[in-house]
Amino acid sequence: MRMTTLGVFLASAGAAISPTAHGQSDEHSVARQWNEITLESIRNDFARPVVHARNLFHNSAGMWDAWACFESGPTPWLFAEDELAAGDLEAARREAISYAAYRILRHRFAESPGFEEMAPQYDALMVELGYDPAYTETVGNDPAAIGNRIAQTYILFGEQDNANERNDYANQWYRPVNLPIYPEEPGNLLQRPNRWQPIGFEEFIDQSGNVIEGGVPPFLGPEWGSVTPFSLRPEQRTTNQRDGRNWDLYLDPGSPPLIGTDRELEYLEGFEQVLVWSSHLDTEDGVQIDASPNAIGNADLPTDPADFDGFYDYFAGG
């Protein structure tokens, strides 16, 4: 095991540990602790679900590979090396898992707005577990080098899985066909109601609380059907064509209701329903709903939209 000898680093890193990011070492496995700190990293990053689904996938798979590579039975997901010897199997696994997760997180969140807050926590957890964060060797079969090598494998994999990580996951081909709508300005220049319209803001606060001055947030993930997936099979992928380009989509539910089709009424009703039911969120309307078992609580919910009108009070709610 690689043990740090930097007493000053130990003290300063220990002080930086956030109790919300990970639990005590004797209560949870190292995999659990690194997963918790991954979730904390996501909370401190931009709100971009497809990116973070990939981060959780790669970090979890990297930890699995670090666990699986020390015996012949389990099959690693990406890291393909012959069975590696370990004197103390569980200790080797803990160490390899920690180095793999540590390196992946420091790489993936290096440009995150929360990196200055999270980086000391990554270091602190390594020190708490008894490992040296400064050890970067990838050659050899000691558990730390193996963990670093696994992280390196996933970092290189992430450069060619079609997520466009190198360019901060920017859309490469998708462009909106509608001009943005600016809520503070009257009117709307919408031309094609069946297509997505961007929204322009003077100041935009994302779901993680990050303030973004000005600009138009992009469509999130329109090209991610081409990103190497987790737990999705090739036969579940549909390739659609538009404007001479292929667009991959997994578990395609088919087209939604659209204007100018035989489902136009369904589109209009859904559009109207969003407006009406959003008004039910007004705390000043005084309407209350009894959802107890003696009232609506035990009722069978309708599954066919044709039955919605007879079940819900459209304008009063509930």
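Brief remarks on what is shown
- Gap separating the Cα centres of the range 253-318 and the range 74-114, nearest whole Å: 48
- Candidates Trp224, Trp173, Trp64: whichever shows maximal mean-square fluctuation once the chain is modelled as a Gaussian network with Cα springs under 10 Å: Trp173
- Under-5 Å amide H pairs with Ile181, H placed in peptide plane, nonlocal only: Ile199, Gly200
- Taking the three principal axes of the alpha carbon atoms in the range 7-165, the coordinate ranges are 42, 39, 27 Å, sorted in descending order.
- Approximate shape of the range 264-311 as ellipsoid semi-axes (Cα gyration tensor, √5λ), whole Å, largest first: 23, 19, 6
- All C-alpha to C-alpha distances of the range 169-254, sorted into 5 Å bins beginning at zero, yield P(r) values of 3, 11, 17, 19, 18, 14, 11, 6, 1, 0 percent in whole numbers.
- Here the scattering of the range 104-256 is modelled by Debye summation over its C-alpha atoms, one equal scatterer each and no solvent; at q = 0.11, 0.19 Å⁻¹ the log10 of I(q)/I(0) is -0.69, -1.28.
- P(r) tail fraction, the chain - alpha-carbon pairs more than 31 Å apart, %: 51
- Top of Phe79, Phe230, Phe70 by mean-square fluctuation, Gaussian network on the chain, Cα under 10 Å: Phe230
- Ratio Rg/Rh, restricted to the range 202-318 and using Cα atoms, in which Rh is the Kirkwood radius: 1.06
- Based on C-alpha pairs under 8 angstrom that are at least 6 apart in sequence, the range 53-148 has a relative contact order of 28 percent.
- Descending semi-axes in Å of the range 69-118, equivalent ellipsoid built from Cα gyration tensor: 29, 13, 6
- Surrounding net charge for Pro176, when Lys and Arg each add one and Asp and Glu each subtract one, Cβ distance under 11 Å: +3
Bear in mind these aren't lab numbers, they're just calculated from the coordinates by the rules spelled out. This one's a predicted model, so the numbers in the text were calculated from it and none came from an experiment. Positions of Cβ are backbone-derived with ideal geometry, glycine not excepted, and every protein chain shown enters the neighbour counts.
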